[in-house]
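Only one structure is covered here, and it is reproduced in the block below.
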């Protein structure tokens, strides 16, 4: 990946001195940043003063968490670091959820926080928090800039680290006196990032031998493929080899659902075809995935007959959770290009995998006249077509989106995977709509998740972003209720949300168009209304509070032990 990093040279004839804040804004412009998400406050105010009149477009969110989550989605869509700004203290701590989200899902992000002036650091000053220390476990890198002259180099390094290798978030903390200090102007010249890491020939040969001899090989596709820009390459390999494939939650969209080799998502709420194929496989070709517990189920019984070819840019992931017979470390594009994928005679295995996919295809003939969430989401994604993008919240609706929506590319599926952060959907939809104005962006949310960042309806209204919100309302914390039903003897503790507001009224109060959907015969018309809308709009969809997500691998069980609807109480 080419980095947007810059090198810094002091010019011979410097113009008048400028503040550190002005130098920061100038550096961001030189790095190619054109959009930042943020919320002002005392310790970041010099930067906001410098933003006025700059080339940067600032999106004022209504909560700093939304700034980080929107920047996260921007990073997923563009593979360039999203940028968020916040003041010290509560402003900085409000970014933490978004920073952690980017870290766990390997998303490039640069968070810039104001800090109290250096003489006050360590004195428990007003709105002083050690954000450097708080973020240490959830960033790739962090820095407190102590001298305004270091700002260009610190930002150059931040973007290079955030965007290269395995992407992730970087924190830049700016004391207020550094922002206010006057410095001589600096000039900038772009430079390329570090050369991609090349895989070792011996491991490539071992991987090729394993692929050639396998009788039941299976691709296990993860989010690293999209982060590396290797989707086209992976699709070419899948088309050529016709090796059956499964995907993690983050790997959805690498292959389209109708691809003949694709069996669906694996894991806790994965398809039965995908999970059974994994358990029968004799070789897992793992590309940009990390054996997450939600994907593997009981790790000791995961793919018990399979050897592993593990391809990843991060050496720390290789042999971490599952021994790899061939651990191939390097940039995914380099690894996939260097490997010869030449399987033997696997015709019988292909046929068996295709039969599993046909046998366990989901059904949409739910009884009754109420709205069936999976059917609505399937129809919506198919009707919206190639430009469809779903920014999901977390819960039952998130799993239905993963199971039933059609994604033309991984960037069309924005979801909080590793962190599982409720409240992600609406800010992520905002980030996606700004990252790709040509996309048809839908925020798919539940009534629980939606209330966590409902204030961002004001952001939608202010910028008239054409985000379409599909709010599936079961008046419950649905996934928690489902687990309490199945694993806690039906003790429904604190999941009742029947006192929700009327979400149509809520949206209208923010100046956003909204309408209600309660019956299945209203679904087609609702989808057309959403698609034809040119500005922000919300569909408040009431669904059955007793509806569950199936299949489900119970905690502590192998992926072969999937529960189906017949297990309902």
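Bear in mind these aren't lab numbers, they're just calculated from the coordinates by the rules spelled out. Predicted model, so just to flag it, every value in this text is computed and none were measured. Note: ideal-geometry Cβ built from the backbone for every residue, glycine included; neighbour counts use all protein chains shown.
Figures for the structure shown
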read-out	value
Compactness of segment 291-441 as Cα Rg over 2.2 N^0.38 Å, two decimals	1.29
Relative contact order (percent, whole number), segment 6-190, Cα cutoff 8 Å, 6+ residue spacing	32
Extended-chain gain in nm, criterion 0.36 nm per residue less alpha-carbon gap, residue 408 and residue 565	53.6 nm
Relative contact order (%) - the chain, alpha-carbon pairs under 8 angstrom, separation at least six	14
Unit Cα scatterers, Debye sum, segment 6-190: log10 I(q)/I(0) for q = 0.10, 0.17, 0.19 Å⁻¹	-0.33, -1.02, -1.29
Against the rule of thumb 2.2 N^0.38 Å, how large the Cα Rg of segment 81-240 comes out	1.38
0 to 90° range, to nearest 10: angle between helix 425-435 axis and the chain longest Cα axis	70
Cβ crowding within 10 Å averaged over residues, with 269-277, 479-487 ranked highest first	269-277, 479-487
Whether segment 380-483 is rounded, prolate or oblate, judged on the alpha carbon gyration tensor where a/c under 1.5 counts as rounded	oblate
Using alpha-carbon coordinates, inclination of helix 201-213 to the longest axis of the chain, degrees	20
Rounded to 5, percent antiparallel among DSSP beta bridges of segment 373-567	10
Cβ-based exposure ranking for 221, 434, 266, in which fewest neighbours within 10 Å come first	434, 221, 266
Relative contact order computed over segment 201-359 (Cα-Cα under 8 Å; 6+ residues apart), in percent	31
The chain: angle of helix 20-30 to the longest principal axis, Cα-based, in degrees nearest 10	50
Rg in Å to one decimal, and Dmax rounded to a whole Å, for the chain via C-alpha atoms	24.4, 78
Convex hull volume of segment 442-507 per residue (C-alpha atoms, cubic angstrom)	81
Shape category assigned to segment 43-89 from the gyration tensor of Cα positions, a/c cut at 1.5	oblate
Inter-centroid distance (Cα atoms) of segment 76-142 relative to segment 386-419, Å	26
Simple label model, 7 Å out from Cα along Cβ direction - residue 130 to residue 488, nm	3.5
Mean projection area, nm², convex hull over Cα of segment 373-567	11.1
Spin-label proximity, residue 120 to segment 150-175 - amide N less than 18 Å from point 7 Å beyond Cα toward beta carbon	173-175
39, 372 arranged by Cβ crowding within 10 Å, fewest neighbours leading	372, 39
Extension gain from residue 325 to residue 455, taking 0.36 nm per residue of separation minus the Cα-Cα distance	41.8 nm
Packing-based exposure ordering (other Cβ within 10 Å, fewest first) of 550, 400	550, 400
Kirkwood hydrodynamic radius of segment 201-359, from inverse mean 1/r over distinct Cα pairs, in Å	15.1
